[in-house]
1. Once the other residues with Cβ under 10 Å from the Cβ of Ile52 are scored (Lys, Arg +1; Asp, Glu -1), what is the net sum?
2. Using amide H atoms built in the peptide plane, which far-off residues or other-chain residues are under 5 Å from Ile26 H to H?
3. How high is the FRET efficiency between Asp114 and Asn68 when r is their beta carbon distance and R₀ equals 30 Å, given to the nearest 0.05?
4. Using DSSP to define loop residues, name the trypsin sites (Lys or Arg not before Pro) in the stretch 98-163 whose beta-carbon has at most 12 other beta-carbon atoms within 10 Å.
5. Starting from the 7 Å offset along Cα-to-Cβ, what nm value, one decimal, do you get for the label separation of Asn106 and Glu131?
6. Just the number, please: carbon plus sulfur as a percent of the accessible area of the stretch 84-155, 1.4 Å probe, no ligands or DNA/RNA counted.
7. Label-point separation (nm) for Tyr95 and Ile52, each offset 7 Å from Cα along Cα-to-Cβ?
8. Rounded to the nearest 10 Å², what accessible area does Cys31 have for a 1.4 Å probe in the complete protein model?
Amino acid sequence: MNKCQFVGISIWILFVPKLSDSASYINFTRCEMKLIGRGMSSFFMIGQLYQIPVENVDISVAVYKKSNGYRPFLFNQTFDYCYYMRNPKAYLLVYTLHKVFISSSNVNHTCPYDHDIIIDNFVYIKSDLMELPIPNGDYMFKIEIITYKIWRGHISIYITKDS
């Protein structure tokens, strides 16, 4: 199974690609977390794309709140990622999540994507997501990746928000 996971102090990320044909679409050549200081870690990931260029990307973002399991909460939207990269402020919640790691990633330009997907030295700072307009609690942000109308995988980000 092609998995990439990262556990930190108040954020947990798990990437689970579709098992049947994801091996012919993407391969994770690097996926690691390094401790850089007390309570701080950096995350590195390289996903090698086999079918390039990628010119049609849809992203589905849903927010779930933990309450006897994770229940849908407030937000569930699918959008054209290529359009979003041309007009990032058209989706403010997505932009708030994206700007947390945009400087450490090469997924920061409009389509086409004809290179590996890299997250290099991503350091999560606890205050980055505190501006989200949600009450305190445990949340899951589920991000599904769809290219050419084929589901490729999803990323689940688990966050605990407290004041």
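1. Working: positive: none; negative: Glu55, Asp114, Asp116.
Net of charged neighbours comes to -3.
2. Those qualifying (amide H under 5 Å, at least 5 residues apart or on another chain) are Tyr50.
3. Values: r = 45 Å, r/R0 = 1.49.
With R0 = 30 Å, the Cβ-Cβ based efficiency is 0.10.
4. Numbers: sites: Lys99, Lys126, Lys142, Lys149, Arg152, Lys161; in loops: Lys99, Lys149.
Here the sparse-neighbourhood loop sites are Lys99, Lys149.
5. Placing both labels 7 Å along Cα→Cβ, they lie 2.8 nm apart.
6. Details: 2180 of 3750 Å².
C and S atoms contribute 58 percent here.
7. 2.9 nm
8. Approximately 50 Å² of Cys31 is accessible to the 1.4 Å probe.
The values are calculated or read from the model by the stated rules, or taken from the named source; none is laboratory data. It should be emphasised that the depicted structure is a prediction, and the values quoted were computed from it without experimental measurement. Reconstructed Cβ throughout: ideal geometry from the backbone, glycine too, with neighbour counts over all protein chains shown. Surface areas here come from the heavy atoms of the whole protein model, side chains and all, with no ligands, DNA or RNA. Shrake-Rupley method; radii C 1.70, N 1.55, O 1.52, S 1.80 Å.
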